[in-house]
Amino acid sequence: MKIAFVGKGGSGKTTLSSLFIRHVAATGAPVVAIDADINQHLGAALGLDEADAAALPAMGDHLPLIKDHLRGSNPRIASADKMIKTTPPGEGSRLLRVREDNPVYEACARPVELDGDSVRLMVTGPFTEADLGVACYHSKTGAVELCLNHLVDGRDEYVVVDMTAGSDSFASGMFTRFDVTFLVAEPTRKGVSVYRQYKEYARDFGVAVKVVGNKVQGQDDLDFLRDEVGDDLLTTVGHSDWVRAMEKGRPPRFDLLEDANRRALRTLHTTADAAYELRDWERYTRQMVHFHLKNARSWGNERTGTDLAAQVDPGFVLGEEVVAAV
């Protein structure tokens, strides 16, 4: 299952995504966690110290390797340098699987131990001094989008992505890459404003958005969220001494998380699992191609000197049964 956590800056989306990652990992399921926000906080939320978090390899730094691996023997792609962030897979492409070992994971993923369980963590990488004034953050997240385009995950496999803050993720097609999107919202007008934007943008693409109310302190907060988001309110999370200890770098055992917050995580887990039955790989592939052609016309053709529409394999549909190139 591919799961996104979104929300305005400061909403708690990184904290909630890290709790969900811990919860799923504790069930024994394989998890790939991706920090797609250039404000890199997921590693710390999963318990890494500052030095270890800073040492995580940036996916953007390994983009040539990623492109070369995913290209495989796809005859529609002349060379890896002709691939852009939206390039879709086709016959001959190499695909990524959650449980496998491959050169992309070897270069970009690092294991993080969580109370005896382990997850793979990948990060876009933060802005550097060389990026200031000359680079857009989408140049960092492009590697994530390309990997998601080539990722095949099955039932009881989880890819959890902590997305960039606000509605900026709509500047790319990455928002359509998920089975379910959990939007973390505080019970304030600013807290629900991103929900309204996300809901409006997502409507035309069949993107499932469920709201997780965070920092909910009482009935008034709950009533406010219900009035503002209606049936999209899935569950709420309140104050957590466990989270406070985690933010100080001293997390207790995860099984000591408060019962109410554990129930909220189980609701997220059940909702994500239910989305598996609604998967439509044809629509997923069609949307992938839509955004590729849009990016090709807008800038990709000019930048690569190639008609990138020719990269689209009209008979290819991504799915669990697809056999990738070796």
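In the set A260, A202, which member is part of a helix (DSSP H, G or I), at pLDDT 90 or above and of a type in the set (G, A, S)?
Numbers: A202 fails: at pLDDT 90 or above.
Sole residue among the options that is part of a helix (DSSP H, G or I), at pLDDT 90 or above and of a type in the set (G, A, S): A260.
Of everything in segment 205-251 that is open to solvent by less than 50 Å² (accessible area, probe 1.4 Å), assigned to a loop (DSSP other than H, G, I, E, B) and not hydrophobic (A, V, I, L, M, F, W, C), the residue that is nearest to G173 (Cα to Cα) is G206. Cβ-Cβ contacts under 6 Å between residues 6 or more apart (or on different chains), taken from a first residue in segment 33-44 that is farther than 15 Å from L146 by Cα to a second residue that is in a loop (DSSP other than H, G, I, E, B) and open to solvent by 10 Å² or more (accessible area, probe 1.4 Å), are listed as D37/T164; I38/P126; I38/F127; I38/Y137; Q40/P126; G43/L56.
The set of residues in segment 257-282 being open to solvent by 50 Å² or more (accessible area, probe 1.4 Å) and among the hydrophobic types (A, V, I, L, M, F, W, C) consists of A260, A274, L278.
Taken over segment 71-83, the criterion of being among the hydrophobic types (A, V, I, L, M, F, W, C) and open to solvent by 10 Å² or more (accessible area, probe 1.4 Å) is satisfied by A78, A80.
Residue-wise test of (1) of a type in the set (D, E, K, R); (2) modelled with pLDDT under 95; (3) outside any helix (DSSP H, G or I).
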residue	(1), (2), (3)
D37	yes, yes, yes
A44	no, yes, no
L48	no, yes, yes
D52	yes, yes, no
G60	no, yes, no
I66	no, no, no
S73	no, no, yes
I84	no, no, yes
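Reported count of residues in segment 266-303, each being among the hydroxyl-bearing types (S, T, Y), more than 26 Å from K85 (Cβ to Cβ) and without any contact (Cβ under 8 Å) to a residue 12 or more places away in the chain, is 1.
The values are calculated or read from the model by the stated rules, or taken from the named source; none is laboratory data. Model, not experiment: these values are computed from the prediction. Note: ideal-geometry Cβ built from the backbone for every residue, glycine included; neighbour counts use all protein chains shown. We work out accessible area using only protein heavy atoms, side chains counted, and drop any ligands, DNA or RNA first. Shrake-Rupley method; radii C 1.70, N 1.55, O 1.52, S 1.80 Å.
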